[in-house]
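To keep things clear, I will list the structure first and then write my remarks on it.
The values are calculated or read from the model by the stated rules, or taken from the named source; none is laboratory data. Small disclaimer: the values here were computed from a predicted structure and weren't measured. Here the Cβ positions follow ideal geometry from the backbone for every residue, glycine too, while neighbour counts run over all protein chains shown. Remember, those area values only see protein heavy atoms, side chains included, never the ligands or the DNA or RNA. Shrake-Rupley method; radii C 1.70, N 1.55, O 1.52, S 1.80 Å.
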Amino acid sequence: MLLAWGPATVFVWLVGRIQDDPPSWTASAVFGALFVVGGYFGDRLKERRRARARARTAADQELS
């Protein structure tokens, strides 16, 4: 997660520079962290759904 946080912080700051209203580095770091953590939780939810689907498929095959 830390390796993704640095580039996300720089990306948020650069987007702000394009819009002529750059956020401070602190704000960029916070938004970058939120972006990375949100992506992490999204991946965890997706994997959890996949695991449930696999378990459901395995249970259906055992009943057949």
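Results for (1) loosely packed, with under 10 Cβ neighbours inside 10 Å; (2) modelled with pLDDT under 90; (3) outside any helix (DSSP H, G or I); (4) not aliphatic (A, V, I, L, M), shown as yes or no for each residue.
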site: Asp20; (1), (2), (3), (4): yes, yes, yes, yes
site: Val30; (1), (2), (3), (4): no, no, no, no
site: Leu34; (1), (2), (3), (4): no, no, no, no
site: Val37; (1), (2), (3), (4): no, no, no, no
site: Glu47; (1), (2), (3), (4): no, no, no, yes
site: Ala53; (1), (2), (3), (4): no, yes, no, no
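Where the second residue is assigned to a helix (DSSP H, G or I) and open to solvent by 90 Å² or more (accessible area, probe 1.4 Å) and the first is closer than 13 Å to Ala33 by Cα and lies in the range 5-18, which pairs have Cβ atoms under 7 Å and are six or more apart or on separate chains?
Between residues of the range 5-18 that are closer than 13 Å to Ala33 by Cα and residues that are assigned to a helix (DSSP H, G or I) and open to solvent by 90 Å² or more (accessible area, probe 1.4 Å), the close pairs are Ala8/Phe35; Val12/Phe31; Trp13/Trp25.
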